[in-house]
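> Sharing a structure below in structure tokens format, with a few things to ask.
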Amino acid sequence: IGKATLTARDNLKIPTLLTIPRALVANMKNLPAIVLPHGGPEAHDNIGFDWLAQAFANQGYLVIQPQFRGSDGFGLEHSRAGKGQWGKKMQDDVTDALNALVKKGMVDPKRVCIVGASYGGYAALAGAAFTPDLYRCAVSINGVADVKKMLRLDMLKFGSDSEIATYWNAQIGKDEISNSELDAISPINSADKISAPVLLIVSSKDITVDPGQTYAMKRAINEKKTPVQLVELDGDDHYLSKYATRKKTMDTSLQFVNKYLK
């Protein structure tokens, strides 16, 4: 696992973890790659064992984990820079990290998939919908597809004055965002622009992100007849706490990605 500092289009520095296939460390040229944005989004990746990153690297993929603006662990300014930037500059950071590695000759731009869980699942769907020319495939695990519906459901569950509602309003909209803006940053409303095959993985007992988000995204993609596969994880939660379903997620994701990148 290595570290890189890449530069976004507005010159913000994006710390990035690279998990490199052992056999390719000495020859990092034109590699197939997996972009793996983390969840949260106010979280960050660490150097250490990451079961999904290691699984992809073991298959010969360079795994790219950009710590986009809004990630914590890199100072208050970096974290605060993500407020109001879902689907905007936060997504641009993911795009720019990939493009920087393509420019360096490390990544084959024709062999890249984007994979993520939770907010990372949102970023994967946003990547497929908003930058369809970048990715050969996308995998969303318990991801958000409709941001407006997510906010409305949380307000119904916890109350519009709750701490959770206040946090998400500040995080997603800087306390002021219109319905039209929420629609614009929701991948479900740009499903017609998705051209790459999509794998959707959903946990039946997810109480963090409504499983209905995934089912609705599948229907939206089906309308365009883009290849889409749905895998249900019976009895597991948002965090894939059970070994059997985590292994099923890993095996299914590897099989799906290998189909389009190998």
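The values are calculated or read from the model by the stated rules, or taken from the named source; none is laboratory data. As the structure is a prediction and not an experimental result, all values here were calculated from the model. Note: ideal-geometry Cβ built from the backbone for every residue, glycine included; neighbour counts use all protein chains shown. Quick note on the areas: whole protein, heavy atoms, side chains included, nothing else; ligands and nucleic acids left out. Shrake-Rupley method; radii C 1.70, N 1.55, O 1.52, S 1.80 Å.
> Restricting attention to segment 19-60, report how many residues are free of Cβ contacts under 8 Å to residues at least 60 places away in the same chain and open to solvent by 60 Å² or more (accessible area, probe 1.4 Å).
11
> Sticking with this structure for a sec: Ile172 passes all but one of (1) at pLDDT below 95; (2) more than 16 Å from Gly121 (Cβ to Cβ); which number fails?
It is condition (2) that Ile172 fails.
> Any chance you could count how many residues in segment 162-191 are among the aliphatic types (A, V, I, L, M), over 18 Å from Ser140 (Cβ atoms) and assigned to a loop (DSSP other than H, G, I, E, B)?
Residues that pass the stated criteria total 1.
> Against the condition modelled with pLDDT of 95 or more, open to solvent by less than 40 Å² (accessible area, probe 1.4 Å) and among the hydrophobic types (A, V, I, L, M, F, W, C), how does Leu12 come out, does it pass?
So Leu12 fails the test.
> Let me ask another. Identify, by number, the condition in (1) open to solvent by 30 Å² or more (accessible area, probe 1.4 Å); (2) of a type in the set (Phe, Trp, Tyr); (3) in contact (Cβ under 8 Å) with a residue 12 or more places away in the chain that Phe158 doesn't meet.
For Phe158, the failing item is (3).
> If I ask for residues that are part of a helix (DSSP H, G or I) and either closer than 23 Å to Trp51 by Cα or among the charged types (D, E, K, R) (or both), which ones from segment 102-125 would you list?
Lys103, Tyr119, Gly120, Gly121, Tyr122, Ala123, Ala124, Leu125, listed by residue number.
> Going through Asn11, Asn27 one at a time, which residue ends up being in a loop (DSSP other than H, G, I, E, B) and under 19 Å from Arg111 (Cβ atoms)?
None of the other options fit; the residue is Asn27.
> From the residues in segment 213-262 that are part of a loop (DSSP other than H, G, I, E, B), in contact with a strand residue (DSSP E or B) (Cβ under 9 Å, 6 or more places away or on another chain) and over 15 Å from Ser118 (Cα atoms), which one is most open to solvent (accessible area, probe 1.4 Å)?
Checking each candidate, the answer is Lys262.
> Does Lys149 qualify as being assigned to a helix (DSSP H, G or I) and not aliphatic (A, V, I, L, M)?
yes
> Could you give me the residue pairs with C-beta distances under 9 Å whose first residue belongs to segment 67-95 and is touching a residue at least 24 places away in the same chain (Cβ under 8 Å), whose second residue is open to solvent by 20 Å² or more (accessible area, probe 1.4 Å) and β-branched (Val, Ile, Thr) wherever it lies, and which are 6+ apart or on separate chains?
Filtered contacts from segment 67-95: Gly84/Ile177; Gln91/Thr131; Val94/Thr131; Thr95/Thr131.
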